[in-house]
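I have placed the structure first, in the form of structure tokens, so that the comments after it can refer back to it.
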Amino acid sequence: MMTKRKRDWLDDLFDYEAKHPIAFASPSALAEARLIAKLDKARRPRRRTQRNGTVHFHRRRNGAAA
Amino acid sequence: MKTLIFHVEAAGEFRPVELMFATESEVRRVRAWRKRTPATDAGEFAALAAKRWFYYAREGSTVSSFEEMRAAIKRNERSQLAFLLVASAEWGKRYKSLALAYCRRTWCHHLVLDFLAVRPGVSFANQPIRGLGSGMIFSLANLADAFGMKKIWGETTMSSAPFYDKVLRIRSVLDLFIIRQKAMRRFRERYLAKLKRRLDETELQMHYY
């Protein structure tokens, strides 16, 4: 007959993890990463004109056939 | 050093998971977590950890393997290095990455844990995969040991402090956790002892000794 294993520390840990999502960030690392993301966004060229179709329109008119 | 392995419970069985240094393509893959799991902390942290990795990569301060890290330290023993560790499993084909840890090696050779995240909703055979978070900490302790690092530390928050409390059995973790060598050894021994009750001898020998 198989004996049932007694619950232990690892079982408790696994249960805890199942109930609480593991997604942790150190506050200072998070602040730095958000700043980097902001700087990155500011540095990236704006794509507004492409998104509203203007560029494609001009490309078509000014010789996309070329 | 052997690869970093830990075991998780998936569909009622204990299965091995490998923790590896992320290369650029893996960091890009981790960044995409946010698209698949929007509005989750894990998704946001994955994207931000990736951003941070790319930022430091441009400065040449990231490493993508054990060897690179060893070489970087050999070149300059005061070097500050960042790296992303990604957990993946052959049996979990649905996901290329199950969890991540963004870490830094400080100028005085300590290991800092900045981000720890388990991919939301990871499952196997329609059952959740259990034990990824604690397994990641176990592997970090193994990594620190392999590099002779005397301390692992990190800032905590209200939500992460109870987790570190439970994993490390350190009394009252407040806004900082510090795992010194002795505590690291104790934690690894305890984790292995509990695994011994769940894995057969061959599996243990193959991955942990």
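The values are calculated or read from the model by the stated rules, or taken from the named source; none is laboratory data. All figures in this text were calculated on a predicted structure; none of them were measured in a lab. Cβ sites come from the backbone with ideal geometry, for glycine too, and all protein chains shown count toward neighbours. In case anyone asks, the SASA skips ligands and DNA or RNA and just uses the protein heavy atoms, side chains included. Shrake-Rupley method; radii C 1.70, N 1.55, O 1.52, S 1.80 Å.
Structure values in brief
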{"item": "Solvent-accessible heavy-atom area per residue, rounded to whole Å², over chain B at 1.4 Å", "result": "49 Å²"}
{"item": "Accessible surface, 1.4 Å probe, highest first, among residues B:Phe124, B:Phe163", "result": "B:Phe124, B:Phe163"}
{"item": "Positive-end residue of B:Val118, B:Met206, B:Phe45, charge dipole of the protein assembly as shown with Cβ unit charges", "result": "B:Phe45"}
{"item": "Per-residue mean of C-beta atoms belonging to partner chains within 10 Å, peptide B:49-57", "result": "4"}
{"item": "Max mean-square fluctuation residue, GNM over chain B, Cα-Cα springs under 10 Å, options B:Leu140, B:Leu100, B:Leu195", "result": "B:Leu195"}
{"item": "Value of [θ]222 nm, deg cm²/dmol, for chain B, DSSP H segments ≥ 4, -39500 (n - 2.57) each, nearest 500", "result": "-12500 deg cm²/dmol"}
{"item": "Net charge of Cβ neighbours under 11 Å - reference A:Arg5; Lys, Arg +1; Asp, Glu -1", "result": "+4"}
{"item": "Cα gyration tensor, chain B - rounded (a/c under 1.5), prolate or oblate", "result": "rounded"}
{"item": "Heavy-atom SASA rank of B:Trp153, B:Trp91, A:Trp9 (probe 1.4 Å, accessible area, largest first)", "result": "B:Trp153, B:Trp91, A:Trp9"}
{"item": "Relative frequency of Cα-Cα separations exceeding 33 Å in the protein assembly as shown, percent", "result": "25 percent"}
{"item": "Mean projected area (nm²) of the alpha-carbon convex hull when the range B:51-171 is viewed from all directions", "result": "8.7 nm²"}
{"item": "Contour minus Cα-Cα distance for B:Phe54 and B:Thr3 (0.36 nm per residue)", "result": "15.9 nm"}
{"item": "Using a Förster distance of 30 Å, the FRET efficiency for B:Lys196-B:His109 (Cβ separation, nearest 0.05)", "result": "0.45"}
{"item": "Sites A:Trp9 and A:Arg43, calculated FRET efficiency, Cβ-Cβ separation with R0 35 Å, nearest 0.05", "result": "0.15"}
{"item": "Of the DSSP H helices in chain B, those whose Cα atoms cover at least 24 Å axially and whose Kyte score averages 0.0 or more", "result": "none"}
{"item": "Check: the range B:1-127 dipole with +1 on Lys, Arg Cβ and -1 on Asp, Glu Cβ, in debye", "result": "360 debye"}
{"item": "Length released on extending from B:Lys74 to B:Asp175, taking residue separation times 0.36 nm less the Cα-Cα span", "result": "33.1 nm"}
{"item": "Charge dipole (debye, nearest 20) of the protein assembly as shown; +1 at Cβ of Lys and Arg, -1 at Cβ of Asp and Glu", "result": "1160 debye"}
{"item": "Relative intensity, log₁₀ I(q)/I(0), of the range B:98-151 from a Debye sum that treats every alpha carbon as a point, q = 0.12, 0.19 Å⁻¹", "result": "-0.34, -0.68"}
{"item": "Highest-fluctuation residue, B:Met158, B:Met136, B:Met20 considered, GNM on chain B with Cα pairs under 10 Å", "result": "B:Met158"}
{"item": "Accessible surface ranking that places the most exposed of B:Asp114, A:Asp40, B:Asp41 first, with a 1.4 angstrom probe", "result": "B:Asp41, A:Asp40, B:Asp114"}
